[in-house]
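Enquirer: Shown below is the structure under consideration.
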Amino acid sequence: MIGLKEVRAAAERISGHIHHTPLIYSRSLSQMSGNEVYLKCENLQKTGSFKIRGALNAVLQLTAEERTRGVVTGSSGNHGQALAYAARLAGARAVVVLPENVSQAKRAACTAYGSETVLCGLTAEERLAHAAQLARTAGLTMVHSFDDEQVIAGQGTASLEILADLPEVDYIVAPVGGGGLLAGLSLAAKTSSPAVKVVGVEPLCSPRLRYSRQQGMVSELTGDAWRPSVADGLRSKRPGVFTFSITQRYVDDLVTVGEDDIVAALRLLLERTKLLAEPSGSVSVAAVLQAPLAGLGKKVVCLVSGGNMELAQLARLLA
């Protein structure tokens, strides 16, 4: 199991290749939520999301032989872009399996970074399974989008930056898809500053980590318990084995937000803070505007996880 030592090593390893993203205070969101709200702007990160942290940490630890053979992953887009960028930096081949309904902006970005792209299915499970098959048949190294300890350690570096910029933070609020970001953030935050509370946010229509917690083990949402969210980066049906174990230990609470709340938060970020966030990157802001997080009077950091979306999609959401 990874720990703070691995997160700190990841921070040193990827330093110089990524941005120390800004932590911005929002007066408007603070007044609306009854908290002192800060935004950790991973939408301004290289490749447009936090995903570069974990992908780069994993790729930079590949052996020379593994770099020669290349890497593969399944992704809704952001991890794919990050892996493509990291592979190009390391001089490795990259193959990214994307969903059939992927944003064309995300697919074009993967290609622009030099990766090959393959379309498969609509869910994280489908594309990850296809990526794993490609890894076996083509000799590629699988870099899982969330259930990989080196990826998780890389994502945790965002917490180190938050604590350096705002040591007195009370809450860190972050999106939950497969759980890689939340696992890394919570591990780094709680082992560095145990008083900090870490809260994960899931779409109401697909609360996979909450369901697994209720079951006491990694469990998959099935049937009507899972519906695709407008937050397309948070569409996995189950958390990872590593991510579940880590979040069970370190995450204080999970909250859910509705589809209209997510779009409203996206609009608020654009109108009030001039930040473009994709729906998946807006869920933390949606959560802090409602119970149980609203009105606490605490210093709250909302992690805005990404900003990769097509302008046509943005227009449809805001219409």
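The values are calculated or read from the model by the stated rules, or taken from the named source; none is laboratory data. Just so it is clear, the model here is predicted, and its values are computed rather than measured. Neighbour counts run over all protein chains shown; Cβ positions are idealised from the backbone, glycine included.
Enquirer: Considering only residues that are of a type in the set (Asp, Glu), part of a helix (DSSP H, G or I) and touching a strand residue (DSSP E or B) at 6+ places or on another chain (Cβ under 9 Å), look in the stretch 113-164 and name the one that is farthest from Ile2 (Cα to Cα).
Expert: Once the filter is applied, the top-ranked residue is Glu126.
Enquirer: Could you list, ordered by first residue, the pairs with Cβ atoms under 7 Å in which the first is in the stretch 99-113 and closer than 16 Å to Ala84 by Cα and the second is outside any loop (DSSP other than H, G, I, E, B) and among the hydroxyl-bearing types (Ser, Thr, Tyr), at least 6 apart or interchain?
Expert: That search, which allows pairs on different chains as well, returns Arg107/Thr117; Cys110/Thr117; Thr111/Thr117; Tyr113/Tyr85.
Enquirer: When the stretch 263-295 is examined, which residues are found to be hydrophobic (A, V, I, L, M, F, W, C) and either closer than 30 Å to Glu149 by Cα or not assigned by TED's automatic domain parsing to the domain that holds Pro203 (or both)?
Expert: Leu276, Ala277, Val283, Val285, Ala286, Ala287, Val288, Leu293, listed by residue number.
Enquirer: Can you work out which of the residues in the stretch 234-262 that are surrounded by fewer than 22 Cβ atoms within 10 Å (Cβ to Cβ) and of a type in the set (Lys, Arg) is modelled with the highest pLDDT?
Expert: Across the stretch 234-262, the extreme among qualifying residues is Arg249.
Enquirer: Quick test for you: out of Gly34, Gly80, pick the one residue that is of a type outside the set (Lys, Arg), within 15 Å of the chain's Cα centre (by Cα) and within 30 Å of Val285 (Cα to Cα).
Expert: Going through Gly34, Gly80 in turn, just one is of a type outside the set (Lys, Arg), within 15 Å of the chain's Cα centre (by Cα) and within 30 Å of Val285 (Cα to Cα): Gly80.
Enquirer: Right, another one. Check whether at least one residue in the stretch 71-82 is within 23 Å of Leu160 (Cβ to Cβ) and free of Cβ contacts under 8 Å to residues at least 40 places away in the same chain, and report yes or no.
Expert: Yes - at least one qualifying residue is present in the stretch 71-82.
Enquirer: Right, next: Among all residue pairs at least 6 apart or on different chains, which show Cβ distances below 6 Å where the first residue, located in the stretch 241-262, is outside the structural domain of Ser159 (by TED's automatic domain parsing) and the second is surrounded by fewer than 16 Cβ atoms within 10 Å (Cβ to Cβ)?
Expert: So the pair list comes out empty.
Enquirer: If Thr68 meets every condition in (1) on the phi > 0 side of the Ramachandran plot; (2) touching a residue at least 24 places away in the same chain (Cβ under 8 Å) apart from one, which number is that one?
Expert: Going through (1) on the phi > 0 side of the Ramachandran plot; (2) touching a residue at least 24 places away in the same chain (Cβ under 8 Å) one by one, Thr68 breaks only (1).
Enquirer: Being crowded, with 16+ Cβ neighbours inside 10 Å and within 18 Å of Pro203 (Cβ to Cβ) is the filter here; which residues of the stretch 291-306 pass it?
Expert: Listed by number, the residues that qualify are Leu293, Cys302, Leu303, Val304, Ser305, Gly306.
Enquirer: Hey, among Ala64, Ala108, Ala112, Ala58, which residue is among the aliphatic types (A, V, I, L, M) and surrounded by 20 or more Cβ atoms within 10 Å (Cβ to Cβ)?
Expert: Within the list Ala64, Ala108, Ala112, Ala58, the selection yields Ala58.
Enquirer: Here are some residues: Glu310, Glu278, Glu220, Glu271. Which one is of a type in the set (Asp, Glu), out of contact with any Pro (no Cβ under 6 Å at 6 or more places or on another chain) and surrounded by 20 or more Cβ atoms within 10 Å (Cβ to Cβ)?
Expert: Glu278
Enquirer: I need the helices (runs of 4 or more DSSP H) fully contained in the stretch 1-62, keeping only those with at least 3 residues that are touching a residue at least 24 places away in the same chain (Cβ under 8 Å) and touching a strand residue (DSSP E or B) at 6+ places or on another chain (Cβ under 9 Å).
Expert: Ranges flagged: 27-33, 51-59.
Enquirer: Let me spell it out: the conditions are (1) in contact with a strand residue (DSSP E or B) (Cβ under 8 Å, 6 or more places away or on another chain); (2) under 19 Å from Asp253 (Cβ atoms); (3) buried (at least 23 other Cβ atoms within 10 Å of the Cβ), and Leu187 meets all of them except one. Which number is the exception?
Expert: (1) is the only condition that Leu187 fails.
Enquirer: On the basis of being under 20 Å from the mean Cα position of the chain (by Cα) and not assigned by TED's automatic domain parsing to the domain that holds Val257, does Gln104 make the cut?
Expert: Considered against the rule, which asks whether it is under 20 Å from the mean Cα position of the chain (by Cα) and not assigned by TED's automatic domain parsing to the domain that holds Val257, Gln104 comes out as yes.
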